[in-house]
Structures are given as structure tokens and as C-alpha cells.
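Reviewing the structure listed below.
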Amino acid sequence: LTAGLGNTSFVGFPLLQALLGPQALAVGILNDQPGTFLAFSTVGILTASAYAGKASRGFDWKRLFTFPPFVVMLLTLALAAAGVSLPAALQEICERLAATLIPLALVSVGFQLRFRLVDLWQYGTRLFAGLFYKLALAPALILLLYVWIGGWHGEMVRITVLEAAMAP
């Protein structure tokens with residue numbers, strides 16, 4: 001489960017901004033929220049529950065639709081579709097708060113990392129297989145689909161391939 005889903009927001013957003021500039025964040029957010037987040041919040045939770053021996057009787061849709069980032073994403077899409085824009089003062093506040101996301105995300109993820117040599121010995125083969133899939137095979141498949149089969153090129157393809165290569 002963790003090998004298949006990348007950390008597209010906490011690690012991905014800072015990398016996108018560093019490698020491709022702040023304009024790449026819009027596509028990155030579109031990859032993250034309806035893509036990775038929705039997959040994790042639905043199929044991912046059901047899979048984790050099943051493998052933990054706690055198969056649920058049904059999916060808890062209330063939990064998904066009350067998760068604050070998902071609610072904000074739905075609200076933003078609805079407002080954009082209706083042609084509503086934020087007042088300049090509120091837009092400025094949102095931009096300043098959003099500017100803190102990347103540094104805070106990197107620090108919070110960094111403080112949670114714990115490497116133990118015994119875990120590498122015990123799970124090394126599985127870890128290597130998962131990381132190989134996520135960091136090499138998945139982006140190669142996306143590149144194959146988009147560029148070689150679809151014939152698409154440009155910034156959006158570069159961002160999507162980079163997002164596909166985000167570490168779990």
C-alpha cells in the first residue's frame with residue numbers, strides 16, 4: 001500500500017516547487033487531492049483494514065466527506081465552477097498561509113523519520129521491491145503512457161511523471 005501511493009503532498013510539493021517552480025504546484029495539487037488522496041481514502045483504507053484482519057462491513061463515507069482537506073477541495077471546485085473568486089484580502093491571507101505549508105511539511109516529515117538497521121535487514125527485499133516500483137517502474141509506466149503512446153509533451157507531463165515518482 002505504501003509503495004503504491006506516493007507522498008505527493010508533503011514531499012512532492014516541495015520537490016515540485018524546487019525543480020519546476022511554484023506554477024507546478026497547481027498540477028501537483030490536482031494529482032494529490034483527487035488522485036492519491038482519494039485512492040488512499042477509499043481503496044487504501046479498505047485494503048489496510050483487510051490485511052490488518054479488520055475487514056469492514058462497508059466503507060465509512062462520512063469519514064471521507066468530513067476530512068477537512070477533502071471538504072476544502074470540494075468547496076474550491078464548486079466555487080471555481082460557479083465563477084466565484086475570493087476577495088483580494090482573503091486571497092492574500094490564503095496565499096500567506098499556503099506559503100508555510102512546504103517548510104512545515106518538510107520539517108514535520110523529517111522529524112518523524114526513524115531508521116533502524118534491524119528493519120533494513122528484516123524487510124530489505126520488500127523495501128527494495130516497493131521502492132523500485134515507486135521510484136522507477138511507476139514513473140516509467142506513466143512516461144510510456146503519456147509520451148510514447150499518447151504523444152503528449154510539455155510541463156503537465158513532466159509534473160505528472162515527477163509526481164508518479166514521489167517516494168512513499
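The values are calculated or read from the model by the stated rules, or taken from the named source; none is laboratory data. Predicted model, so just to flag it, every value in this text is computed and none were measured. Counting neighbours? That spans all protein chains shown, and the Cβs are built from the backbone with ideal geometry, glycine included. For the accessible areas, the whole protein counts, side chains as well, though only heavy atoms, and no ligand, DNA or RNA atoms are used. Shrake-Rupley method; radii C 1.70, N 1.55, O 1.52, S 1.80 Å.
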Query - For the chain, the longest site-free run once trypsin sites (Lys or Arg not before Pro) in DSSP loop states with at most 12 other Cβ atoms within 10 Å are removed - result: 58-113
**Report entry** Estimated translational D of the chain in µm²/s (Stokes, Kirkwood radius over Cα pairs; 25 °C; 0.890 mPa s)
**Finding:** 135
Report summary line: Full extension between residue 20 and residue 82 adds, at 0.36 nm per residue less the Cα distance, a length in nm of 19.3 nm
Report summary line: Taking protein heavy atoms only, a 1.4 Å probe, and rounding to whole percent, the accessible area of segment 101-167 owed to carbon and sulfur comes out at 74
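Where in the chain is the longest stretch that carries no chymotrypsin sites (Phe, Trp or Tyr not before Pro) classed as loop by DSSP and with at most 13 other Cβ atoms within 10 Å?
Numbers: sites that count: 115, 152.
Looking at the chain, 1-114 is the longest stretch - no exposed chymotrypsin sites (Phe, Trp or Tyr not before Pro) with at most 13 other Cβ atoms within 10 Å.
How much accessible area per residue does segment 7-154 have, in Å², with a 1.4 Å probe?
Working: 10920 Å² over 148 residues.
Each residue of segment 7-154 exposes 74 Å² on average to a 1.4 Å probe.
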Requested in this report: Run the dipole for the chain about the Cα centre, Lys and Arg Cβ at +1, Asp and Glu Cβ at -1, nothing else charged, and hand back the magnitude in debye, nearest 20.
Outcome: 580
Query - Dipole of the chain [Lys/Arg +1, Asp/Glu -1 at C-beta], most positive-end residue of 61, 118, 106 - result: 118
Report summary line: Ranked by GNM mean-square fluctuation in the chain (Cα springs under 10 Å), the top entry among 35, 44, 53 is 53
Report summary line: Under the helix-only model (-39500 (n - 2.57) for each DSSP H run of 4 or more, divided by the residues of the chain), the mean residue ellipticity at 222 nm, to 500 deg cm²/dmol, is -17000 deg cm²/dmol
Requested in this report: Report the paramagnetic label zone for residue 11: residues of segment 120-145 whose backbone N is under 15 Å from a point 7 Å from Cα along the Cα-to-Cβ axis.
Outcome: 127-139
Report task. Pop a pseudo-label 7 angstrom from the Cα along the beta-carbon direction at both residue 149 and residue 111 and give the gap in nm to one decimal. Result -> 4.3
